[in-house]
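> Supplied in structure tokens, the structure appears directly below.
The values are calculated or read from the model by the stated rules, or taken from the named source; none is laboratory data. Just so we're clear, the structure is a prediction, and the values are computed from it rather than from any experiment. Cβ atoms come from the backbone with ideal geometry, glycine included; neighbour counts cover every protein chain shown. Surface areas here come from the heavy atoms of the whole protein model, side chains and all, with no ligands, DNA or RNA. Shrake-Rupley method; radii C 1.70, N 1.55, O 1.52, S 1.80 Å.
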Amino acid sequence: MQQKSLGAHCSIEQLIAWQAAGKQFNLNQRRQKLRQLAGSISARRRGRGMEFEDVRAYQAGDDIRHIDWRVTARTGAVYTKQFCEEREIPILLVLDQRLPMFFGSQLAMKSVMACDIFGLLAWSGLKHGDKVGGVIIDRAQHQEIRPKKSRSHILHLLAAAANANQALNIQTQSQHHAMSMYSWLNEVKRLAKPGFKIFLISDFHDFSQDCVSLLRDISQHCECIAFKINDRLEQHGHRQAGSNLRIFDGKKQRSLASASQQQQFFSQHHAALEQALASFHIPLVQSFSDDQPMDLMQTLFLASKA
């Protein structure tokens, strides 16, 4: 039976259980759907590319841009640099576990769906020999885990994600000042080295124009993919007659916008985010809390033959 995203919280055992499934996918092999989501113009490859290996004597036809002028000056003979392709691509998984992610009207909370995608991506990266690290954003701060390549490191990464998820509780809402998207993008920009592959997993509820310049700066040197996790109720709104629906959690009373108001807000917010990401050729993958992570991955990444 295929594993599913379910419930209000996830456990470390749940994230470990994605290991076998994660091995089926190769994050460096993208289906046509993912390329289409990046915009009509294909983004240039932002892998680490060519790594310096050695120098040798210059030969006719060599690219003069690769001449090693220091060695040439020291020896009196012209030398050129040799490069080899660097295949390893460090992966940075950015997981949003702030309070707005703690919402779900059907099978699972958005925060749980996000953790499951996080787990699948982590195991897939390890399977194909990439270093995997993470930035986990909770209610008021973030945790940085530098990319490494080992199973024990992945387990540490998943444990941090599960702990952040289990700490989500509606009663803690007023106790902390939430970290904004602008703030955590600044941290991602600081951590992301040229050639990183970055996965942003969030509902992007507080995306604003202030975030656009940070997304641009990150995408200039890194390959980015954004997973936007929403709930069907956020997209369509409630269906009760009248304008607003009032709800009560035992302590506070709130008002939900009508279906038409909610649909308009959702569409405008999504369009603004989509436009900003498309301008930098960042694919925007939209998913809902009642979707299944395996189905999503199958549409985005080619299965590995290994």
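> Kindly indicate which of 120, 126 is surrounded by fewer than 24 Cβ atoms within 10 Å (Cβ to Cβ) and of a type outside the set (D, E, K, R).
Details: 120 fails: surrounded by fewer than 24 Cβ atoms within 10 Å (Cβ to Cβ).
Unique residue meeting the criteria: 126.
> Take the residues of the range 86-102 that are within 29 Å of residue 28 (Cα to Cα) and open to solvent by 20 Å² or more (accessible area, probe 1.4 Å): which is modelled with the lowest pLDDT?
Out of the qualifying residues, it is 86.
> Ok, one more. Residue pairs, Cβ under 9 Å, 6 or more apart or interchain, first in the range 191-216 and farther than 14 Å from residue 121 by Cα and basic (Lys, Arg), second part of a loop (DSSP other than H, G, I, E, B) and open to solvent by less than 10 Å² (accessible area, probe 1.4 Å). List them.
These pairs meet every condition: 193/90; 193/222.
> Taking only pairs six or more apart or across chains, which ones have beta-carbon atoms under 9 Å, a first residue in the range 1-24 that is surrounded by 15 or more Cβ atoms within 10 Å (Cβ to Cβ), and a second residue that is modelled with pLDDT of 95 or more and in a strand (DSSP E or B)?
Matching pairs, first to second residue: none at all.
> Looking at (1) under 23 Å from residue 287 (Cβ atoms); (2) out of contact with any strand residue (DSSP E or B) (no Cβ under 6 Å at 6 or more places or on another chain); (3) at pLDDT 95 or above, which one does residue 204 not meet, given that it meets all the others?
The single condition residue 204 does not satisfy is (2).
> For the range 249-266, indicate whether the set of residues that are at pLDDT 80 or above and crowded, with 16+ Cβ neighbours inside 10 Å is non-empty.
Within the range 249-266 (the criterion being at pLDDT 80 or above and crowded, with 16+ Cβ neighbours inside 10 Å), the answer is yes, since at least one residue qualifies.
> So, one more: Go through (1) within 23 Å of residue 288 (Cα to Cα); (2) buried (at least 16 other Cβ atoms within 10 Å of the Cβ) and name the single condition residue 142 misses.
Every condition holds for residue 142 apart from (1).
> Restricting the search to the range 27-85, which residues are aromatic (Phe, Trp, Tyr), outside any helix (DSSP H, G or I) and at pLDDT 75 or above?
If we filter the range 27-85 for residues that are aromatic (Phe, Trp, Tyr), which is where we start, we get 52, 58, 69, 79, 83.
Imposing the further condition that a residue be outside any helix (DSSP H, G or I) reduces the set to 52, 58, 79, 83.
Across the range 27-85, the qualifying residues are 58, 79.
> Oh, and also: Considering only the range 214-237, how many residues are open to solvent by less than 10 Å² (accessible area, probe 1.4 Å) and among the acidic types (Asp, Glu)?
So the count comes out to 1.
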